[in-house]
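**Student:** Take this structure, written in structure tokens, and hold onto it; I'll ask about it next.
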Amino acid sequence: QAFSLFVKAKEVPAAARCAAGGDGARWRCCRQAFEELSGIHRHVALQHGPDIGQQAERAAEQAAAEVGPTGPPALAGNADGLNGLCPSSPEISCTLPDTSHLSYDDLTSKVGEVLLYYCYCEVKDPEKLCAWQKALCQHLHLTGKVRVASEGINGTVGGSKVATDLYIEVMLSQPLFKDILCQEDFKSSAGGAHCFPDLRVGVFKEIVPMGIDPKIVSYKETGIHLSPQEFHREVEQYLSQASQGQSDTILLDCRNFYESKIGHFQGCLAPDIRKFSYFPSYVDENLELFKDKRVLMYCTGGIRCERGSAYLRSKAVCREVYQLKGGIHKYLEEFPDGFYRGKLFVFDDRYAICSNEDIISACRYCGTLWDQYKLCSSLHCRQLVLTCPSCRNKGLTACCPVCQEKELEVTSRASGQTLKEECECTRRRPRVPIEHVSQRMLDAGK
């Protein structure tokens, strides 16, 4: 039942399918279009098993609650209904904002923005916060992803400007976040609800998936926060000293390789890792690199640095660990032509936003300057590929020749065939790279 409901939620309305310019897709999921039922079933089975498992568990828990001694809970959709779904907790208010004075067009306008934020705090009832967040986003017609845990909340949501402004207002009035979350903690960029395929709100162990129990490495042990102005001065000093061979600092990008590939700070060390959960192993395997160094860390919005800097500090090898407060997002607001060059990768359908005209990456096939990602055209693969329009027109749309061959193999055989994600890209990249960086190279800021 959970599987069927999940597939049903991905169905494209008939009106949209018949509209002028429609591509005939009956289902859409993960930025992919599906015309055959077997295709969407295969995709959901391969990519969304954990999501369906969670959905089934919640349905079972709700069914158990409905037959309890107090009778069925009230329906969600308003403050009273949410309170009926959630056990009482004075720290969390389940109130939804009044939108009676707003029109449907106000809340669903495609001209809007995408918000990025996080808040580390102690949450006694993550399930209740999750239920309220889901109701709030649906109430305001927002899409995106929100992760809730006992250590806080992490969200990126898109919608109309009216809706996102109201969302910020409600979040700041939430008693749980009082005196912790502030207006400046919300990073915004042009976009809207169309930047995400759907809304996903869930309870997790960590609000950013580093793979280390928050009780072992806590956000409370984080590095020293630097404002964008302070970070800018530090980078300026670092680059100046490095050019003279005198630097004792490492400028560390703790994002994934495909993010730093299209944009990064000058003179940074960017680990060749695919997931943030590989970052702890990367630190462990390269401890000698960080010994007695001052480390300046940065990421997209600041959240990965919170846990990443705490993990690095727990190893007791660095002299000092600093991190950019608000991440690259906030830095670019104040220094659009500063020391960060190229695009800023974002985890939605835009893939990247820009603040300067620099292109620092190249087409995977012909080498021409190019920085606009597309998903590998081979359905079994989740790699992102940089391939320019000229190469795409030649049919070069996969991340590597192996995937290109697999795509042809799948299209020439039965549609039910599934293939494992394994190609040149995954084989050539070690899960945890060992840095062979000489002191001379570090001093030169390379």
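The values are calculated or read from the model by the stated rules, or taken from the named source; none is laboratory data. These numbers were taken from a predicted model, which means no experiment stands behind them. Here the Cβ positions follow ideal geometry from the backbone for every residue, glycine too, while neighbour counts run over all protein chains shown. Just the protein is used for accessible areas: all its heavy atoms, side chains included, with ligands, DNA and RNA removed. Shrake-Rupley method; radii C 1.70, N 1.55, O 1.52, S 1.80 Å.
**Student:** Accessible area, 1.4 Å probe, largest first: how do Trp132, Trp370 sort?
**Tutor:** Order by accessible area, largest first: Trp370, Trp132.
**Student:** Could you order His48, His139 so the one with the most accessible surface comes first? Probe is 1.4 Å.
**Tutor:** Accessible-area ranking of His48, His139, largest first: His139, His48.
**Student:** Pairs Lys220/Lys261; Lys8/Lys124; Lys293/Lys325; Lys261/Lys406; Lys205/Lys374; Lys343/Lys374: which are spaced more than 24 Å apart, C-alpha to C-alpha? Could you put the intermediate results ahead of the total?
**Tutor:** Details: Lys220/Lys261 30 Å; Lys8/Lys124 33 Å; Lys293/Lys325 20 Å; Lys261/Lys406 26 Å; Lys205/Lys374 30 Å; Lys343/Lys374 15 Å.
From the list (Lys220/Lys261; Lys8/Lys124; Lys293/Lys325; Lys261/Lys406; Lys205/Lys374; Lys343/Lys374), the Cα-Cα distance tops 24 Å for Lys220/Lys261; Lys8/Lys124; Lys261/Lys406; Lys205/Lys374.
**Student:** Fully extended, how many nm does the chain gain between Asp106 and Leu37 (0.36 nm per residue separation, minus their Cα-Cα distance)?
**Tutor:** 21.3 nm
**Student:** While we're here: How would Leu181, Leu384, Leu369 line up by accessible area, probe 1.4 Å, largest first?
**Tutor:** So the residues, ranked largest to smallest area, are Leu369, Leu384, Leu181.
**Student:** While we're here: Could you please report the charge total around Arg392, scoring K, R as +1 and D, E as -1 over all other residues with beta-carbon less than 13 angstrom from its beta-carbon?
**Tutor:** Residues close to Arg392 contribute a combined charge of +3.
**Student:** A further question on this structure: Please turn the phi angles of the range 313-329 into ³J(HN,Hα) values with the Karplus equation 6.51 cos²θ - 1.76 cosθ + 1.60 (θ = phi - 60°), one per residue in order, whole Hz, x for glycine and proline.
**Tutor:** 5, 5, 7, 6, 10, 7, 6, 8, 10, 10, 9, 7, 5, x, x, 4, 3
**Student:** Separate question: Can you give me the long-range amide H partners of Ala352? Hydrogens built in the peptide plane at 1.01 Å from N, cutoff under 5 Å, separation of 5 or more residues or another chain.
**Tutor:** For Ala352, the qualifying residues are Val346.
**Student:** What is the sum of charges around Met297, taking Lys and Arg as +1, Asp and Glu as -1, for the other residues whose C-beta is under 9 Å from the C-beta of Met297? Kindly include the intermediate steps, with their values, before the conclusion.
**Tutor:** Numbers: positive: Arg304; negative: Asp253.
Local net charge: 0.
**Student:** Out of residues 5 or more away from Leu269 or on other chains, whose amide H comes under 5 Å of its own, with H placed 1.01 Å from N in the peptide plane?
**Tutor:** The list, which skips near neighbours in sequence, is Leu251, Leu252, Asp253.
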